[in-house]
Amino acid sequence: MTTPVTIIDRPAAVRQARRLNAMSIGYNVVEAIVALTAGVAAGSVSLIGFGLDSVIEVSASLILTWRLAQERRDGCTQPADRRATRAIAASFVALAVYVAIHAVNDLVSATRPDVSTVGIVIAALSLLFMPLLARAKHRVADEIGSRAQRSEAAQTRLCAWLSAVVLVGLVANAAAGLWWADPLAALGIAVLAAVEAVRTWRADDLADTCCA
């Protein structure tokens, strides 16, 4: 029995990509403001790193907005897709370096962050929301044949992992006074960001369906 071939409505898939992108920008702007404000107030390097990841996520979404606009204007998207992917990889590197330096400094100097209830709440909300958003982005990436979309979805997935890491560190500090859990969580953020940077930079372009 022959398996039916699924016909992809590319314009509809691109519109869905734009909607997901707009949703990602909106949520991450709020997340960045809350996490950075709470992180600075509590002296939490993991929360600050989490907030900076949200800023980078917004940047990646804006890059993807440009990439989708290139398709609408030029049709063929391979060169734009490649440049967008490399830009997203570079943002991972910047996050990894910044957070690693500050996390090591806090561990060496034994800097003790304050308890942040707001930080715990935003990390928990992101842990619930980000995996759902990442899965939706991955699906549409396959439909439109975009490595940039897949890389941006990977960054959303990374945000979900970061939410879990940050949440563990914040709860450990709040419940048991384990101050070192916060900079250790930040180091976890740096490692995950560095791994994703290498993976994104080395990734091959997906076959671009509108240029095939």
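Some notes on this structure:
- At full extension, residue 199 and residue 29 could sit 58.7 nm farther apart than now, given 0.36 nm per residue minus the alpha carbon distance.
- Taken over the chain, the ratio of Cα radius of gyration to 2.2 N^0.38 Å equals 1.10.
- Highest mean packing comes first when the peptides 82-95, 177-190 are listed by Cβ atoms within 10 Å, giving 177-190, 82-95.
- Once C-alpha pairs closer than 8 Å and six or more residues apart are averaged by separation and normalised to the residue number of the stretch 10-202, the relative contact order reads 31 percent.
- For the pair residue 15 and residue 128, the difference between a 0.36 nm per residue extended length and the Cα-Cα distance amounts to 38.2 nm.
- Nearest 10 degrees, 0 to 90: helix 181-202 Cα axis against the chain principal axis: 20
- Most mobile of 147, 157, 18 in a GNM of the chain (Cα contacts under 10 Å): 18
- Of the residues 163, 58, 138, the one whose Cα sits farthest toward the positive end of the charge dipole of the stretch 10-202, with +1 on the Cβ of Lys and Arg and -1 on the Cβ of Asp and Glu, is 138.
- Its Cα centre serving as origin, the chain has a Cβ charge dipole (Lys and Arg +1, Asp and Glu -1) of approximately 480 debye.
- Residues listed by number, the stretch 83-108, amide nitrogen under 19 Å from residue 178 label point at 7 Å toward C-beta: 103-104, 106-108
Bear in mind that the values in this text are calculations on the coordinates, not laboratory data. Computed from a predicted model, the values in this text were never measured in an experiment. Cβ atoms come from the backbone with ideal geometry, glycine included; neighbour counts cover every protein chain shown.
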